[in-house]
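A.B. asks: I'd like to ask some things about the structure below.
The values are calculated or read from the model by the stated rules, or taken from the named source; none is laboratory data. Just so you know, these numbers come straight off a predicted model, no measurement behind them. FYI the Cβ positions are ideal-geometry reconstructions off the backbone, even for glycines, and counts take in every protein chain you see. For the accessible areas, the whole protein counts, side chains as well, though only heavy atoms, and no ligand, DNA or RNA atoms are used. Shrake-Rupley method; radii C 1.70, N 1.55, O 1.52, S 1.80 Å.
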Amino acid sequence: MNILITGSSSLLGRYLLSTAPTDYDICGTWYTRPASCPGPAYQMNVTDRSQVRYVFGLVKPDIVIHCAADGSVDRAEEHYQEARAVNVGGVANVMAEAREYGAKVVYISSNAVYDGFHPPYNEDSPQRPINNYGRLKNQAETIVRDSPRWLIIRPFLLYGWPASGGRHNWATMIIERLTQYADAVPMVNDVTWMPTYAGDCAAAIWRLLEVENQ
């Protein structure tokens, strides 16, 4: 089975690669930081339909795990159109090519599609995003659900060790501050978080795919 992981040099992409079952043929894509995959890794800009078409033609995937995204909440507020090109336009390009090959798409969304004021949430909970990042993820989910084969994952506050040069997450930023120059890190005490270890998220994705393919 051919599996294509877009954004394979991202935090989740890195853990998906390190925990991938050995009976899958894994390929990956990257945009700014080369990825080390069991199989070929291709540079690909998801906003460029011709590049997406070219990579899909090489891999001919049965399953696509779509991790490639602009994950900055601040950038979605400050540079909305650029973020939308990646997080909505890029999803549309990937989904269009996935349909051509009959590939199932595992789309990595976000808890930001919810407002945070009405927990606990489940798959059928109303989506009320309160910022641009969440709205873009909501728009992308609509595109994904229009396809015949999909699975949406909404992790919350992913953390883990990024690849060299990768974007920090909340856990590594705290560690860096405490080990390099801070005696304390200010934190809020009126919010409850349930962060997700990227390795656990990756393991859950592989398990879901295994169960669905049985």
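A.B. asks: Taking the criterion of being open to solvent by 100 Å² or more (accessible area, probe 1.4 Å) and either of a type in the set (Phe, Trp, Tyr) or closer than 26 Å to Pro119 by Cα (or both), would at least one residue in region 145-155 satisfy it?
C.D. replies: No.
Table: residues versus (1) over 30 Å from Arg49 (Cβ atoms); (2) in contact with a helix residue (DSSP H, G or I) (Cβ under 7 Å, 6 or more places away or on another chain).
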position: Ile143; (1), (2): no, yes
position: Gly165; (1), (2): no, no
position: Asn169; (1), (2): yes, yes
position: Asn189; (1), (2): yes, no
position: Ala202; (1), (2): no, yes
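A.B. asks: Could I ask something else about it? Determine the pairs where a residue that is farther than 22 Å from Arg149 by Cα, located within region 102-129, has a partner that is hydroxyl-bearing (Ser, Thr, Tyr) and crowded, with 20+ Cβ neighbours inside 10 Å with Cβ atoms under 7 Å apart, the partner being 6 or more residues away or on another chain.
C.D. replies: Partner pairs satisfying both residue conditions: Ala112/Tyr133; Tyr121/Tyr114; Arg128/Tyr114.
For every residue, the table says whether it meets (1) under 22 Å from Val46 (Cβ atoms); (2) modelled with pLDDT of 95 or more; (3) touching a Leu at 6+ places or on another chain (Cβ under 8 Å).
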site: Ala140; (1), (2), (3): yes, yes, no
site: Ile143; (1), (2), (3): yes, yes, no
site: Pro148; (1), (2), (3): yes, no, no
site: Leu151; (1), (2), (3): yes, yes, yes
site: Arg167; (1), (2), (3): yes, no, yes
site: Trp170; (1), (2), (3): no, no, yes
site: Arg177; (1), (2), (3): no, no, no
site: Gln180; (1), (2), (3): no, no, no
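A.B. asks: Another one. Would you be able to tell me the number of residues in region 4-25 that are farther than 17 Å from Gly160 by Cα and open to solvent by less than 10 Å² (accessible area, probe 1.4 Å)?
C.D. replies: Count: 3.
A.B. asks: I need the full set of residues from region 171-191 which are over 14 Å from Tyr159 (Cβ atoms), outside any loop (DSSP other than H, G, I, E, B) and of a type in the set (S, T, N, Q), in order please.
C.D. replies: Thr179, Gln180
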